[in-house]
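Heads up, the thing below is written out as structure tokens.
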Amino acid sequence: MPNVDALTETDKVMEISGLSVSFNGTQVLDKIDLTVYHRDFIGIIGPNGGGKSTLLRAILGLITPDRGSISIMGRPQKQGRHMVSYVPQYASFDRDFPISVWEVVLMGRIGQKKGLRFSPQDKELALQALERVEMDGLKERQIGRLSGGERQRVMVARALAAKPQILLLDEPTASVDSRFEAGFYDILKELNQDITIILVSHDISAVSAYVKTIACLNQQLYYQHAKELTEEMIEHAYHCPVHLIAHGIPHRVLEPHDGVVG
Amino acid sequence: MEIFTYEFMRHALLAGFLASISCGIIGSYVVIKRIVFISGGIAHTAYGGIGLGYFLGINPMLGALGFTVLSAIGMGIVSDRSAQRSDTIIGVMWAAGMALGIVFVSLSPGYTTDLMSYLFGNILVVPVMDIWLMLALNLIIVITVIALYEELKTTSFDEEFARTAGLNTRLLNLVLLVLIALTIIVLIRAVGIILVIALLTIPAATAGRLTSSLKYMMIIAIILGMLFTSGGLLLSYVFDLPSGATIILLAGIVFVLVSIFLSIKEKRPAMMEKDIGS
């Protein structure tokens, strides 16, 4: 296993081979192969129902694949999964739950906690995680009294508190006000200095400005460890030609603001 | 006060306090996890155990203890395996447990006078033996919650996250259901099977409106439970009313008053903002 502190960008942090998943006879993932290197920032795009969330859930061990293997940091999935953290698409919790931002982030340490209570080191790591997403000012706030963007940053902090090697994000900006999207991606870019990130989205334009490489997923995965999407990849993934992405890197198309001129 | 010179009154107060500790702690989990229905199911299957106790000639509370723990585990497994119809199955177990109790009682020899006290509670006639049982169950509940506090909080808050962090959420949920079963046994003597669910939820729900910390929610719920049981006891003595029902009515009235007070308080700042805006 590679030394965690001295990883370079040629070290593999995750290897998926021949991964197939089906639900009730419907094939969701079909022989997925994916090699992820240290400090990769992969955007996985694809249509809804193309298996993006399923892939993340398989990596996390929340579902059992039919075939294939996942190894994390050179270990089998079960032994390596504590090095992977996950930020879900929608916060699945109850907004009224009596819990503060601080308690939620500290929860990120639950897998590594020894003894009954969190140690000073656990608290230190949780605080660092909060600072990295610039949410340390709202530590005592009840979790339901945050905006969508703030809540998502807290979810990232909770994931970071576990000190992961790999961070998985599922449609991270689905509940974020579009004004704050750029700020959110800047934080991810900053985190990518020492953490490998895999981000799943159906919105190509939103992710393409920030990720290093792009993969297309629709049952099968098309990935060449490159940022350029070939027309072939898109057509395979979406089953239709996509004209919007003419020059490799797509642009966000904005409606002209007629009313503001003047 | 004169009434507290009676030994049965002191026992009743003690039983009320013991009931308050477990219902404050476990009731908080029931409220935040929204598992009131499954808790009601566990409570009603207790009647089957009480009937079995009569039938076998043992302490009905021990029969109820066995029945509730088993039904808690059964309901936990059912709701885990078949998420869609679990409420139906819990409803069936709820009714079947009660029916079993009625059959057992009818088969039992002799006249069963104090059966009503298990259904509606009679805190004034709690045997000393049952107070020891309540104390022992309270100890188990408190120690377990202290040991698993962070794990239970994480699982209650976000089960999927807890699983990805490597917690055995299935086991933790079962542990919580068994703790609910134990709490129900503690509460039966105070308010009876029919009203258990009220004492399990009202103090915790009231406390939840007053704080946004689980720890303080539990502490406030315990204090409220003590106020409700001792206040209800006093009122039932003064006005010669059934103790269990009086405790629950007092709790219900306080819950409604707190809710009204808080909704007025929340509205007022909003109205003032409006005035400034216009």
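Taking the condition within 12 Å of chain A (Cβ to nearest Cβ), part of a helix (DSSP H, G or I) and either touching a helix residue (DSSP H, G or I) at 6+ places or on another chain (Cβ under 7 Å) or open to solvent by 50 Å² or more (accessible area, probe 1.4 Å) (or both), does B:Glu151 pass? Don't jump to the end; show me each part of the working.
Values: within 12 Å of chain A (Cβ to nearest Cβ): yes; part of a helix (DSSP H, G or I): yes; either touching a helix residue (DSSP H, G or I) at 6+ places or on another chain (Cβ under 7 Å) or open to solvent by 50 Å² or more (accessible area, probe 1.4 Å) (or both): yes.
Considered against the rule, which asks whether it is within 12 Å of chain A (Cβ to nearest Cβ), part of a helix (DSSP H, G or I) and either touching a helix residue (DSSP H, G or I) at 6+ places or on another chain (Cβ under 7 Å) or open to solvent by 50 Å² or more (accessible area, probe 1.4 Å) (or both), B:Glu151 comes out as yes.
Among the residues of the range A:83-98, what is the count of those that are surrounded by fewer than 24 Cβ atoms within 10 Å (Cβ to Cβ), out of contact with any strand residue (DSSP E or B) (no Cβ under 7 Å at 6 or more places or on another chain) and under 21 Å from A:Phe118 (Cβ atoms)?
2
If I ask for residues that are open to solvent by 10 Å² or more (accessible area, probe 1.4 Å), within 12 Å of chain B (Cβ to nearest Cβ) and touching a residue at least 12 places away in the same chain (Cβ under 8 Å), which ones from the range A:47-63 would you list?
A:Ser53, A:Gly61, A:Ile63, listed by residue number.
Output the number of the condition that B:Glu160 fails; it satisfies all remaining conditions of (1) within 23 Å of B:Leu18 (Cα to Cα); (2) charged (D, E, K, R); (3) within 14 Å of another protein chain (Cβ to nearest Cβ).
All conditions are met except number (1).
Check off (1) open to solvent by 40 Å² or more (accessible area, probe 1.4 Å); (2) within 17 Å of the chain's Cα centre (by Cα); (3) within 14 Å of chain B (Cβ to nearest Cβ); (4) more than 30 Å from B:Ser212 (Cα to Cα) for A:Arg39 and give me the number that stays unchecked.
Single failed check for A:Arg39: (3).
Of the numbered conditions (1) open to solvent by 10 Å² or more (accessible area, probe 1.4 Å); (2) aliphatic (A, V, I, L, M); (3) modelled with pLDDT of 90 or more; (4) touching a Phe, Trp or Tyr at 6+ places or on another chain (Cβ under 8 Å), B:Ile3 fails exactly one; give the number of that condition.
That leaves (3) as the condition not met.
Would you mind telling me which numbered condition in (1) touching a residue at least 40 places away in the same chain (Cβ under 8 Å); (2) more than 14 Å from chain A (Cβ to nearest Cβ); (3) open to solvent by 30 Å² or more (accessible area, probe 1.4 Å) B:Ser108 fails?
(3)
Let me spell it out: the conditions are (1) within 12 Å of another protein chain (Cβ to nearest Cβ); (2) crowded, with 21+ Cβ neighbours inside 10 Å; (3) part of a helix (DSSP H, G or I), and A:Gly144 meets all of them except one. Which number is the exception?
Of everything listed in (1) within 12 Å of another protein chain (Cβ to nearest Cβ); (2) crowded, with 21+ Cβ neighbours inside 10 Å; (3) part of a helix (DSSP H, G or I), A:Gly144 misses just condition (2).
Checking A:Ser100 against (1) farther than 28 Å from B:Ile220 by Cβ; (2) facing another protein chain (nearest Cβ under 8 Å); (3) at pLDDT 90 or above, which single condition isn't satisfied?
Unmet for A:Ser100, out of (1) farther than 28 Å from B:Ile220 by Cβ; (2) facing another protein chain (nearest Cβ under 8 Å); (3) at pLDDT 90 or above: (1).
For the range B:234-253, check the following and say yes or no: at least one residue is part of a helix (DSSP H, G or I), farther than 16 Å from B:Lys33 by Cβ and within 14 Å of another protein chain (Cβ to nearest Cβ). Don't jump to the end; show me each part of the working.
So the first thing to find is which residues in the range B:234-253 are part of a helix (DSSP H, G or I), and the list is B:234-239, B:243-253.
Those still in the list that are farther than 16 Å from B:Lys33 by Cβ too: B:234-239, B:243-253.
If we keep only those that are within 14 Å of another protein chain (Cβ to nearest Cβ) too, we end up with none.
No.
Determine which member of the set B:Ile188, B:Ile194, B:Ile223 is in contact with a His (Cβ under 9 Å, 6 or more places away or on another chain) and not aromatic (Phe, Trp, Tyr). Give the steps one after another, and end with the answer.
Values: B:Ile188 fails: in contact with a His (Cβ under 9 Å, 6 or more places away or on another chain); B:Ile223 fails: in contact with a His (Cβ under 9 Å, 6 or more places away or on another chain).
The match here is B:Ile194.
The values are calculated or read from the model by the stated rules, or taken from the named source; none is laboratory data. These numbers were taken from a predicted model, which means no experiment stands behind them. Every residue, glycine as well, gets a Cβ built from its backbone with ideal geometry; the counts of neighbours run over all protein chains shown. SASA here: full protein model, heavy atoms, side chains in, ligands and nucleic acids out. Shrake-Rupley method; radii C 1.70, N 1.55, O 1.52, S 1.80 Å.
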